[in-house]
Amino acid sequence: MRTPLVLVRSINDLIYLSNILLQFRLAYVFPGSRVLGADDLVDHPKKIALNYLKSYFLVDLFIVLPLPQIIILFVLPKFMGSSGANYATYLVRAMIFLQQFPRLFRFLQIVRSTTAFILEQALAKDIKNLLIFMLCGHFVGSCWYRFGLQRVNQCLRDACYNSDINDCSVLIDCGHAFGEKLDMWKNNTNAAACLDASSGAFSYGIYEVAVPLTVEVGVIRKYVFALFWGYQQVITLADNLSPSYFVWEVLFAMAIMVLGLCFFALFIGNIQSYLHTLRHRRLEMELRGRDVEQWLSHRRIPEDLRRRVRMAERYNWAATRGVNEEMLMENLPEDLQTDIRRHLFKFVKKVRVFSLMDEPILDAICDRLKPKAYMKGSRILTQGGFVEKMVFVVRGKLESFGADGTRVTLSDGDVCGEELLTWYIERVSISTDGKKVRLPRQRLVSNRTVKCLTNVEVFSLRLADLEDLTILFAGSMHNPRVQGAMRYGSLYWRPLVAKRIQVAWRNRKKRRTSESN
């Protein structure tokens, strides 16, 4: 396995080498600019190179040095079967460990830096944590097998030292011997006991399971079982380990416990954060429901009204998902708020008068639209009552009916109460100098009833908001295009609404004619 392992190690080094080349071209944020929140990006190649040379260049250079490959290919073959073979294997192990920790440090640092740009979703972060866990399980399992192999090696050396066989260490270090010496070593009781962990000839401790694995021929079986052992110990925090009194074995078991505890805290922390978010929402809903129940009890609301209030609260919570949309929008930049409102309120232009108005007026209208939810059976407008809002239907079905018995179904994207805007535009008056705007003192009375057939989500424009818009944009609302849209509304609006506008226009025309006469 010497050549395949060297090849895999070299490919891994090429990945780190590509990271070095990337760091020489990767722009960075100047640290001094973060004080003022400017985050100045440095993209000059010379400055980037100098910054990298001063930071992690030496560490990355040490990581990619092919020292294990050199030792495995050129150093170890010279010492096989000699007295220095054991020291050569120590050298390989020390070199791998010296490079492994900085490699792991840089790997975690690179993954953490890319998380903010690439792995923004919760699922991607969980996948990242899972990959890190698999890497640590691989590392622990590999160390366990390597240390177990070293303990078997130590047992064989003790057996060689206590035997009368000369130079039996040559056989331990992959050397070759023939004749009587080889037969004596094969029949040595102490040497045979080293490969039987149950004999008790050597205190293997946590490496007892690794003893029969050392004489396994299949490399894949060795790796898979060592990987399984590493995962098992990291997950269980080394709870099932019973180490011997060997100091390094005890320290290795303690390191596994600490590593498993860190990962346990990491995963449990992520899960706890997720559950805490859900629990916070649920607790907020429960507190809201408790406040509502206390208010209903304090005001002695009848039971049928209490039931309707509870249903409305549950529906409002389900419709908004517990998110305060107004507060969320307030924290965004003004231009972004405007773009979001234009995207959400495209249905505003379905009203013919609104479609002919300028963008500032539409933005002001969208800024004043408020979300609202109605339960099945609720009434938005009542015949004989005042019209106090315009309603844009987002989801659900409504029914509009009047004294004449005509029924009209309203659904997603429809508007009701638009006659209020027409009524305001008709009756608002502007002074001759164009500086004063006088609003009508009367209130518009509805001649129809609008009732919810299902649970309905709407955006409403209140009476006070229409008054403000009329005052701010009275001149624009009296331009010929808007008046023409009102005059020929029957071509665009619903027949019932168009008929009402035509009647109002004829009445206004008759009134002006009588005044002129």
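The values are calculated or read from the model by the stated rules, or taken from the named source; none is laboratory data. Predicted model, so just to flag it, every value in this text is computed and none were measured. In this analysis, Cβ positions are derived from the backbone assuming ideal geometry, glycine residues included, and neighbour counts consider all displayed protein chains.
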Report summary line: Filtering the range 214-247 down to residues that are surrounded by fewer than 18 Cβ atoms within 10 Å (Cβ to Cβ), more than 41 Å from the chain's Cα centre (by Cα) and not β-branched (Val, Ile, Thr) yields Glu216, Gly218, Ser244, Tyr245, Phe246
Requested in this report: For the range 152-172, state whether one or more residues are assigned by TED's automatic domain parsing to the domain that holds Val211, among the acidic types (Asp, Glu), at pLDDT 80 or above and not in a helix (DSSP H, G or I).
Outcome: yes
Report summary line: Among residues of the range 393-419 being touching a residue at least 24 places away in the same chain (Cβ under 8 Å), in contact with a Lys or Arg (Cβ under 7 Å, 6 or more places away or on another chain) and in a loop (DSSP other than H, G, I, E, B), the residue surrounded by the most Cβ atoms within 10 Å (Cβ to Cβ) is Gly417
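Each row is one residue, and each column tells you yes or no for (1) aliphatic (A, V, I, L, M); (2) not in a loop (DSSP other than H, G, I, E, B).
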position	(1), (2)
Met184	yes, yes
Ala193	yes, yes
Ser203	no, no
Ile206	yes, yes
Pro212	no, yes
Report task. State yes or no: is Leu182 more than 27 Å from Leu130 (Cβ to Cβ), hydrophobic (A, V, I, L, M, F, W, C), touching a Cys at 6+ places or on another chain (Cβ under 9 Å) and in the same structural domain as Cys143 (by TED's automatic domain parsing)? Result -> no
Query raised in the report: Can you name every residue in the range 292-323 that is over 23 Å from Glu457 (Cβ atoms) and either acidic (Asp, Glu) or modelled with pLDDT under 80 (or both)?
Result: Glu293, Glu303, Asp304
Query - Tabulated pairs, the range 161-172, first farther than 15 Å from Thr189 by Cα and β-branched (Val, Ile, Thr), second assigned to a loop (DSSP other than H, G, I, E, B) and modelled with pLDDT under 80, C-beta under 9 angstrom, 6+ apart or interchain - result: Val170/Gly81; Val170/Ser82; Val170/Ser83; Val170/His176; Val170/Ala177
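Can you pull out the residues in the range 409-419 that are over 11 Å from Val394 (Cα atoms) and within 45 Å of the chain's Cα centre (by Cα)?
Going residue by residue through the range 409-419, those that are over 11 Å from Val394 (Cα atoms) are 409, 416-419.
Correct list: Thr409, Cys416, Gly417, Glu418.
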Query raised in the report: So is Arg352 at pLDDT 75 or above and closer than 25 Å to Leu420 by Cβ or not?
Result: no
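Considering Ser431, Ser411, Ser400, Ser378, which residue is more than 19 Å from Ala464 (Cβ to Cβ) and at pLDDT below 80? Walk me through it before giving the result.
Working: Ser411 fails: at pLDDT below 80; Ser400 fails: at pLDDT below 80; Ser378 fails: at pLDDT below 80.
One residue alone meets the criteria, Ser431.
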